[in-house]
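**Q** One structure follows; several queries about it will come next.
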Amino acid sequence: MIEDIVLRACIAEGRPSMVRLAERLHCGVGVIESVVGSMRDRRLIEYEGMDGRSYLLSVTEAGRQHSRLRSEECRYSGPIPVPLDLYGRVVRAQRPNLHLNRDQLSRAFSDLVISPALIDQLGPSICGEGAIFLYGPPGTGKSSIAERLIRAYADTVLVPHCVEVQGQIINVFDPILHDPFDKQPAELDPRWVMCHRPAVIAGGELHAGMLDLSLDREVGTYLAPLQFKANNGILVIDDFGRQAMTPEELLNRWIVPLDRQVDYLTLGGRKFQVPFEVKVVLSTNLDPEALGDEAFFRRIHNKVYVGCLEDEQFDWVLARLAKAKRIEVTEDAAARLRHAARQQGDGELRAYLPGVVANLRLPSADTRTPQFASLRPSSTVSWSCTSRGPSLSACRRGR
């Protein structure tokens with residue numbers, strides 16, 4: 001496989017030096033020297049001068065013919081893949097070891113209004129094993145909380161560019177989903193990328209094909225599924241229950257991975273095992289009873305109810321948004337909005353409402369300071385959430 005990649009890279013580069021080839025394939029020059037030496041003996045590659053202290057390489061006609069035959073199914077010429085067994089060992093060695101307190105979590109959610117009671121539920125859920133199930137009415141901030149759970153992790157992980165399985169290449173590193181450090185450690189094996197722990201978020205667009213390998217027919221390699229890319233991080237399924245695949249299909253697909261921390265994928269008709277070191281977060285505003293049976297909820301160890309705001313919380317959110325958007329608000333604005341929400345809106349105070357109203361403001365004559373209603377936040381705001389929300393069983397009974 002490495003010889004095939006070297007040949008294709010040499011053809012693509014034209015006349016690369018060994019140093020340039022090593023950079024392209026994310027490996028050491030010694031690896032290139034060893035592989036090229038063997039291929040030169042078989043007259044697939046030859047030397048064509050020097051670039052500094054590095055040989056320039058060119059592919060012979062026999063090498064080009066060999067590459068054409070070997071490239072009918074796969075045309076990959078990127079970083080050398082990591083063996084599956086090494087990938088598994090690295091993933092398991094990177095299991096998070098969290099020691100959180102309320103102050104750390106409060107800082108992680110500092111841009112949200114979250115009660116101490118909810119923080120006390122989220123902390124053990126993040127540190128503990130198993131998935132997290134966030135449920136409650138629409139517009140209470142479940143999605144915002146789920147997206148910020150990754151902030152609890154302050155360490156780094158290694159993500160491979162690609163993994164070799166049964167002679168096939170699976171692309172893992174995704175620049176859209178993975179956040180690499182600008183400066184990579186000099187001593188790091190270049191087949192790996194040091195990143196922040198990944199946070200992969202999927203919503204109503206999720207379908208069964210996104211949870212299995214998909215073939216890139218243009219290159220002949222496979223793309224890793226979402227849970228593969230989310231290893232050592234979190235995978236958020238937002239709006240759970242509104243996907244193209246039914247909740248039963250999704251839950252049945254993940255019963256074994258959630259229970260045993262391993263997943264099974266199929267490649268060429270044969271199954272293989274990969275680590276499932278993922279914190280799965282399911283967020284929904286639907287009735288939990290309609291989403292899963294007792295066997296599934298038994299595997300979801302952490303169930304967190306996210307309820308509505310109290311008056312002081314609601315006023316604080318409104319004041320904070322008004323300040324951020326440079327809107328003046330009158331002293332009775334918060335009370336009027338609360339009254340409207342309860343009498344004409346949702347019937348309760350939900351976290352989304354201040355933001356929606358702030359975006360609907362009318363411009364004033366002075367365009368520099370839109371008039372919205374001057375509720376000014378006091379220098380110190382203290383509040384607490386006295387209700388932890390209904391229990392899951394109560395939610396199931398429709399209360």
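**Q** With touching a helix residue (DSSP H, G or I) at 6+ places or on another chain (Cβ under 6 Å), modelled with pLDDT of 85 or more and crowded, with 20+ Cβ neighbours inside 10 Å as the only criterion, which of 274, 281 stands out?
**A** Values: 274 fails: touching a helix residue (DSSP H, G or I) at 6+ places or on another chain (Cβ under 6 Å).
Every option except 281 fails the conditions.
**Q** Another question, then. Hey, can you tell me all the residues within the range 169-189 that are over 20 Å from residue 230 (Cα atoms) and open to solvent by less than 60 Å² (accessible area, probe 1.4 Å)?
**A** 185, 188, 189
**Q** Quickly run through the range 190-200 and pick out the residues that are surrounded by fewer than 19 Cβ atoms within 10 Å (Cβ to Cβ) and either among the aliphatic types (A, V, I, L, M) or assigned to a loop (DSSP other than H, G, I, E, B) (or both).
**A** Passing the criteria: 190, 194.
**Q** Could you list, in sequence order, the residues of the range 201-210 that are assigned to a strand (DSSP E or B) and open to solvent by less than 20 Å² (accessible area, probe 1.4 Å)? Quick ask: steps written out before the conclusion?
**A** Residues of the range 201-210 that are assigned to a strand (DSSP E or B), as a first pass: 201-202.
Matches in the range 201-210: 202 only.
**Q** Go through the residues of the range 75-97 one by one and say whether even a single one is on the phi < 0 side of the Ramachandran plot and more than 26 Å from the chain's Cα centre (by Cα). Even if it seems obvious, please write down each step before you answer.
**A** Start the filter on the range 75-97 by keeping residues that are on the phi < 0 side of the Ramachandran plot, which leaves 75-97.
Those left that are additionally more than 26 Å from the chain's Cα centre (by Cα): 75, 77.
The answer is yes, given that some residue of the range 75-97 is on the phi < 0 side of the Ramachandran plot and more than 26 Å from the chain's Cα centre (by Cα).
**Q** Are any of the residues in the range 357-369 at pLDDT 85 or above and loosely packed, with under 13 Cβ neighbours inside 10 Å?
**A** There is no residue in the range 357-369 that is at pLDDT 85 or above and loosely packed, with under 13 Cβ neighbours inside 10 Å.
**Q** Among the strands (runs of 3 or more DSSP E) contained in the range 215-313, which hold 1 or more residues that are over 30 Å from residue 115 (Cβ atoms), basic (Lys, Arg) and touching a strand residue (DSSP E or B) at 6+ places or on another chain (Cβ under 7 Å)? Talk me through it step by step, then tell me what you get.
**A** Details: elements: 221-223, 234-237, 262-267, 270-275, 279-284, 302-305.
Result: 270-275.
**Q** Which one of 109, 133 is out of contact with any strand residue (DSSP E or B) (no Cβ under 8 Å at 6 or more places or on another chain) and open to solvent by less than 10 Å² (accessible area, probe 1.4 Å)? Walk me through how you get there before you give the answer.
**A** On the way: 133 fails: out of contact with any strand residue (DSSP E or B) (no Cβ under 8 Å at 6 or more places or on another chain).
From the options 109, 133, the qualifying one is 109.
**Q** Name the pairs whose Cβ atoms lie under 7 Å apart, with the first residue in the range 309-329 and farther than 18 Å from residue 341 by Cα and open to solvent by 20 Å² or more (accessible area, probe 1.4 Å), the second outside any loop (DSSP other than H, G, I, E, B) and of a type in the set (A, V, I, L, M), and 6 or more positions between them or separate chains?
**A** 325/358
**Q** Which of the following residues is open to solvent by 30 Å² or more (accessible area, probe 1.4 Å) and touching a Ser or Thr at 6+ places or on another chain (Cβ under 8 Å): 53, 68, 43, 89? Walk me through it before giving the result.
**A** Working: 53 fails: touching a Ser or Thr at 6+ places or on another chain (Cβ under 8 Å); 68 fails: touching a Ser or Thr at 6+ places or on another chain (Cβ under 8 Å); 89 fails: touching a Ser or Thr at 6+ places or on another chain (Cβ under 8 Å).
Going through 53, 68, 43, 89 in turn, the sole match is 43.
**Q** Also, I was wondering about something else. Considering only residues that are of a type in the set (S, T, N, Q) and assigned to a helix (DSSP H, G or I), which ones fall in the range 18-60?
**A** Quick first cut of the range 18-60, residues of a type in the set (S, T, N, Q) only: 34, 38, 54, 58, 60.
Passing the criteria: 34, 38.
**Q** Could you figure out which of (1) closer than 25 Å to residue 215 by Cα; (2) out of contact with any helix residue (DSSP H, G or I) (no Cβ under 6 Å at 6 or more places or on another chain) isn't true of residue 6?
**A** Failing condition for residue 6: (2).
**Q** With the requirement that a residue be at pLDDT 90 or above, under 19 Å from residue 288 (Cβ atoms) and β-branched (Val, Ile, Thr), what does the range 235-268 give you?
**A** 236, 237
**Q** If you don't mind, there's one more thing I want to ask. Considering the range 126-161 alone, what residues qualify as being farther than 24 Å from residue 350 by Cα and not hydrophobic (A, V, I, L, M, F, W, C)?
**A** 128, 129, 130, 153, 155, 156, 160, 161
**Q** How about the range 105-177: which strands (runs of 3 or more DSSP E) wholly inside it have at least 2 residues that are more than 18 Å from the chain's Cα centre (by Cα)?
**A** Working: elements: 132-135, 156-160, 162-165, 168-171.
So the answer is 162-165, 168-171.
The values are calculated or read from the model by the stated rules, or taken from the named source; none is laboratory data. This one's a predicted model, so the numbers in the text were calculated from it and none came from an experiment. Positions of Cβ are generated from backbone atoms using ideal geometry, with glycine treated the same way; all protein chains shown enter the neighbour counts. Calculation scope for accessible area: heavy atoms of the full protein, side chains included, ligands and nucleic acids excluded. Shrake-Rupley method; radii C 1.70, N 1.55, O 1.52, S 1.80 Å.
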